[in-house]
Amino acid sequence: MRDDLSPTARALLAFESIQDRPGITGAELAARLGVTDRAARRYVGILREAGIPIESLSGPYGGYRVGRGARLAPLMFSTPEALGLVMAVLQGWHGAADGDHPVATALGKIVRVLPASSAAPVEAIRRVNAQNPGDAAASPDPQLTAALAQACESRQQLRILYRARDMVLDPWAVVVRHGRWYLLCWSQTARARRVLRLDRVEQAEPTGRSFDPPADLDPVQEVENHLADGWTHEAEVRFEVPISLAAQCVPRALGRLTEDGDGCALRGSTDNAVWYAAQLAATELPFVVLQGDAVRAEVKLLAERLTRAAAGRADRADRSRGGPRTGC
């Protein structure tokens, strides 16, 4: 630590240390700043005078930490932390880079304070992601999403406007799958279980009533089962292994697994039988297609193609099967 740092600089370093290590003791803080314990306390006092809520607790598990205040305390990120945060956000955000959406404005603030060497690649990636405006509409409103998540936790019934329709529902869980946000709920209006896309919820308000969700609810499994149903090509597959093993290898997006004697059965549907057949083969489990002509035909074609590949030969039909249908 340099000896010529100003009190302001040391106060900011103290703040960074407290943010990095919540619960840091006075002695540890003084050691990191290269000052006495008394001086470290003085720098904490400077932060408090600036309105930053620094809490201190005594005892073996005490120390300094940033508390909650009337306004958001400044956040200090290292360059790797800022880059990691930006990259994580960009994985699920494809909106305009310079729009007024909270995600876009927050990203802009982070990028603006990054060193030039770090900001340049992040800006490039952000512009590339922004070239896919079709996914922007799938980004739900952050405040509305938070309200729905809190209603799930507090078990508060809601009245929502969903695609211009009024619904009363018991919100069970918010689930993020395949880049989209879903609300798993019980619709009092339809008297049925529903999976709703959050980006299609226009408003929500509590009804004042509470509810109890199912005791054995598996939200992720329920949403995956929903996403696997209702597509063009139905399929029923039997795996010659126990369901406990199949559950580890079979993607949930393929459908619902149920016990079937000493093996298990998979029931699902797909719009892309080529992809479905490839996913079945990728499990490396012994299986039989019981129903689903489209999937059965694609499994047969895949087997023939792999046989030719193993024999060191291929034909034009193999090469022509690339492209959007296979997801290549």
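The values are calculated or read from the model by the stated rules, or taken from the named source; none is laboratory data. Keep in mind the model is a prediction, meaning the values are calculated, not measured. Note that we place each Cβ from the backbone using ideal geometry, even for glycine, and neighbour counts take in every protein chain shown. These accessible areas exclude ligands, DNA and RNA; they are computed on the full protein's heavy atoms, side chains included. Shrake-Rupley method; radii C 1.70, N 1.55, O 1.52, S 1.80 Å.
Below, the figures for the structure above:
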quantity	calculated
q = 0.15, 0.16, 0.21 Å⁻¹: log10 I(q)/I(0) that the Debye formula gives for the range 181-328, counting C-alpha atoms only	-0.88, -0.95, -1.32
Accessible solvent surface per residue of the range 176-328, calculated while the other protein chains remain in place, 1.4 angstrom probe, Å²	59 Å²
Percent accessible area from carbon and sulfur atoms, the chain, protein chains only, probe 1.4 Å	52 percent
Mean ellipticity per residue at 222 nm, deg cm²/dmol - from DSSP H runs of n ≥ 4 across the chain, formula -39500 (n - 2.57)	-12500 deg cm²/dmol
Farthest toward positive dipole pole in the chain [+1 Lys/Arg, -1 Asp/Glu at C-beta], among VAL295, PRO74, GLY62	PRO74
ARG42-CYS249 pseudo-label distance in nm [points 7 Å out on the Cα-to-Cβ vector]	6.9 nm
Computed over the range 223-280, the ratio Rg/Rh where both radii use C-alpha atoms and Rh is Kirkwood	0.95
Alpha-carbon spread of the chain, three principal axes, descending order, Å	78, 59, 43
Relative counts (whole %) of C-alpha pair distances in the range 164-239, using bins that are 10 Å wide	15, 46, 30, 7, 2
Positive-end extreme of charge dipole, the range 131-232 - chosen from CYS185, CYS152, VAL201 (charges on Cβ)	VAL201
Angle between the chain longest axis and helix 273-282 axis [Cα atoms, degrees, rounded to 10]	70 degrees
Nearest-ten-degree value, helix 102-113 long axis tilted from longest Cα axis of the chain	50 degrees
Rounded to 5, percent antiparallel among DSSP beta bridges of the chain	100 percent
Cleavage-rule hits (GluC sites (Glu not before Pro)) in the range 248-307: DSSP loop, at most 13 neighbouring Cβ within 10 angstrom	GLU284
Net charge dipole size for the chain [Lys, Arg +1 and Asp, Glu -1 on Cβ; Debye, nearest 20]	700 debye
Extended-chain gain in nm, criterion 0.36 nm per residue less alpha-carbon gap, GLU16 and ALA215	67.3 nm
